[in-house]
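K.L.:
Mind looking over this structure? Questions follow.
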Amino acid sequence: VRRGRPTINKVWGEDKAILLGDYLLAKSEELVADTQNLRVIKLLAQTVMTISSGELNQAFSAFNLKQTRQQYLQRISGKTACLLSLATESGAILSQAPEKSVEALKGYGYNLGIAFQVVDDILDFIGTEEEMGKPIGSDLAQGTLTLPAILLLERYPEDNPVRRLFQNEDRQRNIELAMELVRNSSITQECYAVASDYCARACHNLSLLPDNASRRSLIKLADYVVKRRK
């Protein structure tokens, strides 16, 4: 379930979902090619390669307890962060903005992407299925260590539900225990502090841009990313 609706994979099956994904990727490449801007075309190709590498990295590190905060940040920088920076950098390039503005908007998108993913990972522990539109605890169920889980392992290195879960012990019960421990500790606040820091970095990137409605909208977007519940 995504956004409260069954996924294509669930409705039509994995093979058709992959083909639809291929079609949408090809369509996006066609639209980018229509710009006839080689820099943006190359940027899209590089981003697709980076995201693919990031997804492979996540898949190969599943159920691996030996992951650090830095490795987590590197992983999400190769997924959500590079995707958002593609959007902001490409928009600046296509609008023929000065190079300093292009770099500023690239940095904005990158930092906003990190913040967005950190909040998404927090909500997987403290949100509800109704708010998120998807099952909560899904990262742990798939063996993906996110920032809340990493902090939980740091706080309880031995007797830890995440450790027991990754050792295939009473999966659902340990997912519930991990979520409860995160909710009843300062881990949530620590993770939100990380997200807020990256949002502040994103807004700082905008300081080079003129103070107008567009810039203020981007600042409001950064504020929403931290406060969102879905």
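Nothing in this text is a laboratory measurement; each read-out follows from the coordinates by a stated rule. All values reported here derive from a predicted model rather than from experimental measurement. Cβ atoms come from the backbone with ideal geometry, glycine included; neighbour counts cover every protein chain shown.
K.L.:
With only Lys, Arg, Asp and Glu charged, each at its Cβ (+1 for the first two, -1 for the last two), find how big the charge dipole of segment 77-128 is about the Cα centre; round to the nearest 20 debye.
P.N.:
With Lys and Arg at +1 and Asp and Glu at -1, about 120 debye.
K.L.:
What full-extension length gain, to one decimal in nm, is calculated for residue 46 and residue 186 as 0.36 nm per residue of separation minus the Cα-Cα distance? Could the numbers behind the result be given before it?
P.N.:
On the way: separation 140, 0.36 × 140 = 50.40 nm, distance 3.79 nm.
Working it through step by step, the gained length comes to 46.6 nm.
K.L.:
Excluding residues on the same chain fewer than 8 positions from residue 220, give the lysines whose Cα lies under 20 Å from its Cα.
P.N.:
Straight-line reach from residue 220, under 20 Å: 106, 230.
K.L.:
Determine, from the Cβ-Cβ distance of residue 94 and residue 230 and an R0 of 35 Å, the FRET efficiency 1/(1 + (r/R0)^6), rounded to the nearest 0.05.
P.N.:
Computed FRET efficiency for residue 94 and residue 230 comes out at 0.70.
K.L.:
Of 202, 17, 59, which has the largest mean-square fluctuation in a 10 Å C-alpha GNM of the chain?
P.N.:
Of 202, 17, 59, the most mobile in the Gaussian network model is 17.
K.L.:
Which value, in Å³ per residue, describes the convex hull spanned by the Cα atoms of the chain?
P.N.:
Taking the convex hull of the Cα positions in the chain, it is 136 Å³ per residue.
K.L.:
Something else: To the nearest 10 degrees, how steep is helix 38-60 against the longest Cα principal axis of the chain, on a 0 to 90 scale?
P.N.:
In the chain, helix 38-60 runs at an angle near 10 degrees to the longest axis.
K.L.:
OK, next. Taking the chain as a Gaussian network, where each spring joins two C-alpha atoms under 10 Å apart, which residue of 115, 92, 213 fluctuates the most?
P.N.:
213
K.L.:
Further question on the same structure: In degrees between 0 and 90, to the nearest 10, how far off the longest principal axis of the chain does helix 187-205 point, with axes built from Cα atoms?
P.N.:
Once rounded, one gets 10 degrees.
K.L.:
Rounded to two decimals, what ratio of Rg to Rh does segment 48-134 give with C-alpha atoms and a Kirkwood Rh?
P.N.:
Here Rg/Rh amounts to 1.06.
K.L.:
Counting only helical runs of four or more DSSP H residues, what would the 222 nm mean residue ellipticity of the chain come to if each run contributes -39,500 (n - 2.57) and the total is spread over all its residues?
P.N.:
-23000 deg cm²/dmol
K.L.:
Give, rounded to the nearest 20 debye, the magnitude of the charge dipole that the chain has about its Cα centre when Lys and Arg contribute +1 at Cβ and Asp and Glu contribute -1 at Cβ. Each step should come with its number before you reach the end.
P.N.:
On the way: 29 positive and 28 negative charges, 75 e Å.
Dipole size: approximately 360 debye.
K.L.:
Also, I was wondering about something else. Helix 14-34 sits at what angle to the longest principal axis of the chain, using alpha carbons and giving 0 to 90 degrees rounded to 10?
P.N.:
20 degrees
K.L.:
Which one, 153, 93, 188, is farthest towards the positive end of the dipole of the chain when Lys and Arg carry +1 and Asp and Glu -1 on their Cβ?
P.N.:
93
K.L.:
Which one of 208, 84, 140 has the biggest mean-square fluctuation once the chain is modelled by GNM with Cα springs under 10 Å?
P.N.:
208
K.L.:
Using the Karplus equation 6.51 cos²θ - 1.76 cosθ + 1.60 (θ = phi - 60°), what ³J(HN,Hα) coupling, rounded to whole Hz, does each residue of segment 115-120 give in order, writing x for Gly and Pro?
P.N.:
Whole-Hz 3J(HN,Hα) from phi for segment 115-120: 4, 4, 5, 4, 5, 4.
K.L.:
Separate question: Can you give the net charge of the other residues whose Cβ lies under 10 Å from the Cβ of residue 43, counting K and R as +1 and D and E as -1?
P.N.:
Numbers: positive: 39, 42, 106; negative: 89.
Local net charge: +2.
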